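The values are calculated or read from the model by the stated rules, or taken from the named source; none is laboratory data. Computed from a prediction, not measured in an experiment: that's the story for all the values here. When we count neighbours, we look across all protein chains shown, and the Cβ atoms used for this are built from the backbone with ideal geometry, even at glycine.
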Amino acid sequence: MSYVALLPQIILFALAIIVLLADAVLPDDKKNYLVGLSIIGLAGVIIAAVVLRDENRLLFYQMISIDSFTFFFTVFLAFVGILIVLISKDWIKNPAFLGEYYTMLMFALLGLTLVVAAVELITIYIALELTSLSFYVLITRAERSEKASEAGLKYLILSVFSTAILLYGLSLLYGLTGTTYLAGLSAALGSLTFQPALLLALMFTLAGFGFKIALVPFQMWVPDVYEGAPTPVTVLLATASKAVGFALIMRVFLGSMIIVKDYWVLPLAILAVFTMTLGNLVALAQTNVKRLLAYSSIAQAGYMLVGVVALSQKGLTGVLFYLLAYTITSIGAFTAVIIFSRQTGSDEIADYGGLAQRSPGLAFTLTVSLLSLAGLPLFAGFVAKFYTFLAAALMGYYWLVGFALINTAISLYYYLKIVKEMFVSPLADKEPIPWPANSRAVLFLATAGVLILGIYPTPFINAAQAVIKSIFTDLP
Amino acid sequence: MSFPYLSTFILSPFIGALILLFVSKERKQAIQLVPAISAAISLVLSITVFIQYDRSARGMQFVENIAWVKSIGIAYKVGVDGISIPMLLLTGIIFFTSVLVSCISIKKRQKEYFISLLMLVAGTSGAFCAINLFFFFFFYELAVLPMFLLIGIWGSPAKEYSKEYGAFKLILQIFSGSTLVLFGIFILFVKTGTLDMVTLSQIRFPLEFQKLTFPVFCLGFGVLAGLWPLHTWSPIGHATAPTAASMLHAGVLMKLGAYGILRVAITLLPSGAKFWLPVVIVMCSIGIVYGALVAMAQNDLKFLIGFSSVSHMGIVNLGLFTLNTVGINGAVFQMFSHGIMTALLFALVGAVYDRTHTRYIDELGGIAIKMPAVAALFALGGFTSAGLPGTSGFVAEFMVFMGAYRVMKLLPILGIIASAIVTLYILRAVRRVFFNDLNPKFENLNNAHPLEFLAFGILTASLILFGFFPSLLTNVINLGVAPLVARIGGAIW
């Protein structure tokens with residue numbers, strides 16, 4: 001049966017249902033079982049994906065492609081999922097919310113894994129909708145605070161708005177080419193003479209995807225939603241959702257629209273500059289850690305786009321590695337923030353004063369994450385930036401690399417501002433901060449990951465390279 | 001494969017830092033012992049490499065090469081030649097002495113302090129050994145970051161500048177410079193497809209390319225090398241930093257900038273260097289005189305040494321840009337000599353400051369009665385700084401200005417002016433700080449601790465040893481400089 005190739009997604013779907021049913025059956029004091037159940041299920045997803053890693057086939061009338069690209073992102077998403085499950089456990093205090101939350105988390109992950117596997121426009125759209133709706137519930141229902149509701153509503157409205165634009169773009173594409181299959185799109189676009197509608201279609205599609213990766217000017221929702229959402233959901237939005245946005249841009253734009261690259265590459269490169277610059281400049285002024293990380297994540301997306309517009313295999317390898325580095329680093333940073341805010345109830349940078357003496361381990365791990373985001377050596381971010389920017393330079397994008405490097409230098413200031421607060425400023429409060437066990441495990445994994453990726457990135461870069469080489473064969 | 005001397009040299013501070021991370025902060029002795037052992041290992045290794053380097057075989061030795069990321073030419077490749085060996089020795093000596101000094105002078109949060117210090121040394125050690133541009137840059141940036149914490153946490157305000165200001169100014173300015181360096185590395189890789197510095201040094205780049213790329217590297221490294229007018233972070237950074245950090249900073253870190261100029265900018269792009277020579281010489285010359293003049297006006301001892309460092313780094317840079325054998329030999333020798341000498345001066349000032357709680361010349365006075373040895377050594381360090389014969393400073397400056405004479409007949413006058421000014425302010429400082437009448441506040445002043453004396457002793461001994469027997473070092477340096485000068489000689493004009 002060829003549908004076996006879809007086993008990881010099937011497991012995810014089954015997992016969502018099982019969690020939902022188990023939630024109905026389990027009494028409140030046994031809800032903790034849901035954590036174990038979810039982790040085992042997600043581990044099953046990873047195992048299934050690894051077993052099926054050599055699968056290479058199209059399913060459901062060529063709408064879903066099981067290939068190394070899908071494999072890479074499925075494993076990636078399941079791994080992120082496990083970490084999110086762990087940190088959510090410490091975040092959600094009311095056990096009654098757990099079941100619903102984990103169910104929606106699984107649906108969100110299912111949507112994301114389907115997005116990366118989809119090679120047909122309508123399938124992409126449906127998978128995206130599944131993701132957005134799950135996110136909407138996740139943002140609002142895990143905490144049930146006013147702030148979260150506001151964030152959820154903002155996300156819903158803007159998300160619907162952006163998918164509407166995307167749908168418009170996709171329908172224009174269909175109108176122009178007569179196909180919704182990515183494979184057919186490439187050929188059809190090749191024989192197309194230029195017309196304004198094509199430009200419109202490309203820009204609308206880009207706008208729709210841009211919303212996912214918080215590309216300027218579609219980034220407006222990010223700070224408010226990141227701040228208002230429960231932090232584990234923020235992590236999911238900042239890492240998994242963003243990574244999938246990049247996967248989409250790769251599949252659709254670099255996979256099948258390379259033939260009309262003249263119409264979208266330069267605009268995308270310019271938007272990349274705006275994205276990193278705006279993210280960085282606004283981050284400089286932030287006093288709230290979550291908002292600062294939100295703006296920093298906007299800037300990071302700008303750096304990753306540098307690798308995308310390079311339009312080369314090296315560039316995309318850089319982006320994949322960057323996504324890994326960025327994700328593991330962000331998870332570390334946000335987890336530290338979660339631990340801190342659970343104890344102190346604050347996300348203000350000023351309250352981090354003297355953290356190095358109050359809770360040295362926490363200060364150390366947060367510093368590692370921040371320095372990695374800043375792109376300093378020894379940490380994952382350094383290798384990611386080096387590889388990605390070098391790839392862009394190899395394709396002659398010196399101006400873009402120049403902007404990216406200037407931005408990197410600027411960003412150092414606000415990351416160090418937090419480091420300074422933790423290490424230099426006087427103690428705000430003497431009481432040590434307890435580390436819940438799950439979060440501690442995640443923090444440990446993330447820190448170790450940041451260091452491994454930063455010191456010996458070789459196996460990961462080779463893996464990313466293999467994926468890119470097998471999918472994007474047309475690129476130089 | 002022979003014993004990996006260089007990797008051990010790089011890893012020793014790394015592992016020291018890693019061990020410290022897991023030592024409880026209550027165990028005060030262990031916290032001092034770990035860095036001391038790691039520093040002793042580094043010192044012994046650097047001396048071993050210095051002795052074992054095969055003078056007849058020349059070239060890169062102790063090479064270790066491990067492939068890292070093949071697709072973009074990253075390899076962990078380390079090796080040393082005549083230019084890096086004195087730098088290794090310098091790192092070893094200053095690392096060891098700075099740990100000794102820190103054991104006495106650092107009172108709070110010693111654990112974090114030593115971790116930062118060890119990371120700083122790990123970075124510089126790596127950068128002096130690396131011969132792959134990726135790892136060179138990796139270690140280069142790694143060396144800078146700990147300064148931020150060292151100044152921020154254990155520093156002290158100086159004049160109107162807070163320590164936070166000093167820390168941020170230093171880090172942001174140096175990182176802007178290193179961003180330029182990174183850009184330059186990209187340009188080189190795009191052009192050649194390799195990051196291996198040995199391979200790159202055999203390539204002859206087109207003249208136009210060299211002209212354009214040279215300033216990128218020269219300005220990038222120039223920030224760290226204290227090249228006027230990019231030096232502004234340096235005096236403030238020195239003044240706000242704690243003693244041992246100043247020692248390492250002026251002693252080793254700034255040398256890393258000069259080393260980068262020599263190793264990357266001049267070696268790889270000799271024609272570019274020739275083209276920009278007039279501009280850079282002017283910058284160095286202004287730096288030499290400006291640093292000395294401003295130092296003369298300082299009341300804070302650390303600012304005094306900080307600005308005199310700018311002046312002396314000007315001499316180093318001038319020597320490098322003479323582009324002839326004697327000048328570059330002198331510059332590398334000056335890097336070593338000035339490193340040891342500034343470290344000594346900062347250590348002495350630190351010892352005085354720890355006991356008197358002031359660094360202002362006009363608040364001190366007559367403390368030679370209480371700390372006679374410190375006074376004597378300070379005078380000795382000062383004479384080295386002024387380039388008095390019999391000290392290593394004399395040899396170094398003599399060589400640099402001999403080289404400079406060949407470039408422009410009038411340049412050595414700068415040296416005379418600078419020496420005169422240095423003599424003036426050093427003697428004045430010595431008189432006002434250590435002699436005159438004893439300030440009654442300092443009636444109960446203690447002498448320096450034996451550990452500190454050990455540090456002063458090691459530094460002084462190296463100064464005198466290489467002052468009387470400069471050939472010990474210059475013979476080795478010349479092995480590295482000679483092929484370089486041959487390459488410059490053959491460069492396209």
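Considering the range B:69-96, and only residues there that are within 14 Å of chain A (Cβ to nearest Cβ) and either among the hydrophobic types (A, V, I, L, M, F, W, C) or in a helix (DSSP H, G or I) (or both), the residue that is surrounded by the most Cβ atoms within 10 Å (Cβ to Cβ) turns out to be B:Ile74.
Candidates are the residues of the range A:432-453 that are among the aliphatic types (A, V, I, L, M), within 23 Å of A:Leu355 (Cβ to Cβ) and crowded, with 20+ Cβ neighbours inside 10 Å; the one that is farthest from the other protein chains (Cβ to nearest Cβ) is A:Val442. Taking the criterion of being closer than 15 Å to B:Leu479 by Cα and acidic (Asp, Glu), the only residue of the range B:62-97 that qualifies is B:Asp81.
As a summary of the residue check, B:Ser178 satisfies the conditions (1) within 13 Å of chain A (Cβ to nearest Cβ); (2) farther than 30 Å from B:Pro4 by Cα except for the one numbered (2). For the range A:454-474, the count of residues that are over 30 Å from A:Ile258 (Cα atoms) and more than 10 Å from chain B (Cβ to nearest Cβ) is zero. Counting only residues that are surrounded by 19 or more Cβ atoms within 10 Å (Cβ to Cβ) and at the interface with another protein chain (Cβ under 9 Å from one of its Cβ atoms), which one in the range B:156-175 is farthest from A:Ile410 (Cα to Cα)? Residue satisfying both the conditions and the ranking: B:Lys163. Of the residues making up the range B:246-264, one or more are at pLDDT 85 or above, farther than 30 Å from B:Met296 by Cβ and either assigned to a helix (DSSP H, G or I) or of a type in the set (A, V, I, L, M) (or both). Evaluating B:Val181 against the criteria (1) under 17 Å from the mean Cα position of the chain (by Cα); (2) closer than 29 Å to B:Leu268 by Cα leaves one unmet condition, (1). One residue alone among A:Leu362, A:Leu394 is among the hydrophobic types (A, V, I, L, M, F, W, C), closer than 27 Å to B:Thr179 by Cβ and touching a helix residue (DSSP H, G or I) at 6+ places or on another chain (Cβ under 8 Å), and that residue is A:Leu394.
Does the range B:132-151 include one or more residues that are of a type in the set (A, V, I, L, M, F, W, C), in a strand (DSSP E or B), more than 9 Å from chain A (Cβ to nearest Cβ) and over 21 Å from B:Pro215 (Cα atoms)? Checked the range B:132-151: no residue is of a type in the set (A, V, I, L, M, F, W, C), in a strand (DSSP E or B), more than 9 Å from chain A (Cβ to nearest Cβ) and over 21 Å from B:Pro215 (Cα atoms).
Among the candidates B:Ile328, B:Ile286, B:Ile315, the residue that is touching a residue at least 40 places away in the same chain (Cβ under 8 Å) and either surrounded by fewer than 22 Cβ atoms within 10 Å (Cβ to Cβ) or among the acidic types (Asp, Glu) (or both) is uniquely B:Ile286. Could you check the range A:149-198 and list, in sequence order, the residues that are assigned to a helix (DSSP H, G or I), aromatic (Phe, Trp, Tyr) and touching a residue at least 60 places away in the same chain (Cβ under 8 Å)? Within the range A:149-198, A:Tyr155 is the sole residue that qualifies. Could you tell me whether A:Ser411 is more than 11 Å from chain B (Cβ to nearest Cβ), polar (S, T, N, Q) and under 26 Å from the mean Cα position of the chain (by Cα)? No.
Which members of the range A:352-392 meet the condition of being within 9 Å of chain B (Cβ to nearest Cβ), over 18 Å from A:Tyr415 (Cβ atoms) and either out of contact with any Ser or Thr (no Cβ under 9 Å at 6 or more places or on another chain) or not in a helix (DSSP H, G or I) (or both)? Passing the criteria: A:Gln357, A:Pro360, A:Leu390.
B:Gly381 satisfies every condition listed in (1) in contact with a helix residue (DSSP H, G or I) (Cβ under 7 Å, 6 or more places away or on another chain); (2) of a type outside the set (Phe, Trp, Tyr); (3) over 30 Å from B:Asn446 (Cβ atoms) except (3).
Name every residue in the range A:129-148 that is in a helix (DSSP H, G or I) and either farther than 21 Å from A:Pro232 by Cβ or touching a residue at least 40 places away in the same chain (Cβ under 8 Å) (or both), in order of residue number.
Correct list: A:Glu129, A:Thr131, A:Phe135, A:Leu138, A:Ile139, A:Arg141, A:Lys147, A:Ala148.
Determine, yes or no, whether B:Ile51 is free of Cβ contacts under 8 Å to residues at least 24 places away in the same chain and either within 14 Å of another protein chain (Cβ to nearest Cβ) or assigned to a helix (DSSP H, G or I) (or both). Judged against the criteria, B:Ile51 is a match. Can you tell me which of A:Gly210, A:Gly184 is buried (at least 21 other Cβ atoms within 10 Å of the Cβ), of a type outside the set (Phe, Trp, Tyr) and more than 20 Å from A:Met104 (Cα to Cα)? Matching residue, one of A:Gly210, A:Gly184: A:Gly210. Reported count of residues in the range B:199-210, each being under 28 Å from the mean Cα position of the chain (by Cα), in a helix (DSSP H, G or I) and surrounded by fewer than 17 Cβ atoms within 10 Å (Cβ to Cβ), is 1.
Of everything listed in (1) closer than 21 Å to A:Tyr136 by Cβ; (2) out of contact with any Gly (no Cβ under 7 Å at 6 or more places or on another chain); (3) at pLDDT below 90, the single unmet condition for A:Ser241 is (3). Among the residues making up the range A:416-431, those that are away from chain B (no Cβ under 12 Å) and either under 24 Å from the mean Cα position of the chain (by Cα) or surrounded by 16 or more Cβ atoms within 10 Å (Cβ to Cβ) (or both) are A:Ile418, A:Ala428.
Selection of the range B:97-111 for residues being under 20 Å from B:Leu145 (Cα atoms) and either surrounded by 24 or more Cβ atoms within 10 Å (Cβ to Cβ) or in contact with an Asp or Glu (Cβ under 8 Å, 6 or more places away or on another chain) (or both) yields B:Ser98, B:Val99, B:Ser102. When restricted to residues that are more than 29 Å from B:Leu212 (Cα to Cα), out of contact with any strand residue (DSSP E or B) (no Cβ under 8 Å at 6 or more places or on another chain) and either buried (at least 24 other Cβ atoms within 10 Å of the Cβ) or modelled with pLDDT of 90 or more (or both), the range B:292-312 contains 8.
Quick grid of which residues meet (1) among the β-branched types (Val, Ile, Thr); (2) farther than 19 Å from A:Phe423 by Cβ; (3) within 16 Å of the chain's Cα centre (by Cα); (4) surrounded by fewer than 20 Cβ atoms within 10 Å (Cβ to Cβ):
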{"site": "A:Gln300", "(1), (2), (3), (4)": "no, yes, yes, no"}
{"site": "A:Tyr303", "(1), (2), (3), (4)": "no, yes, yes, no"}
{"site": "A:Ser341", "(1), (2), (3), (4)": "no, yes, no, yes"}
{"site": "A:Thr344", "(1), (2), (3), (4)": "yes, no, no, yes"}
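Entry remark, the range A:18-32: residues being of a type outside the set (Lys, Arg) and either free of Cβ contacts under 8 Å to residues at least 12 places away in the same chain or out of contact with any helix residue (DSSP H, G or I) (no Cβ under 8 Å at 6 or more places or on another chain) (or both) number 3 in total.
Condition check ((1) within 29 Å of A:Val401 (Cβ to Cβ); (2) modelled with pLDDT of 85 or more) across all residues:
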{"residue": "A:Leu200", "(1), (2)": "no, yes"}
{"residue": "A:Ala207", "(1), (2)": "yes, yes"}
{"residue": "A:Phe211", "(1), (2)": "yes, yes"}
{"residue": "A:Val222", "(1), (2)": "yes, yes"}
{"residue": "A:Val225", "(1), (2)": "no, yes"}
{"residue": "A:Leu237", "(1), (2)": "yes, yes"}
{"residue": "A:Phe253", "(1), (2)": "yes, yes"}
{"residue": "A:Ile259", "(1), (2)": "yes, no"}
{"residue": "A:Leu268", "(1), (2)": "yes, yes"}
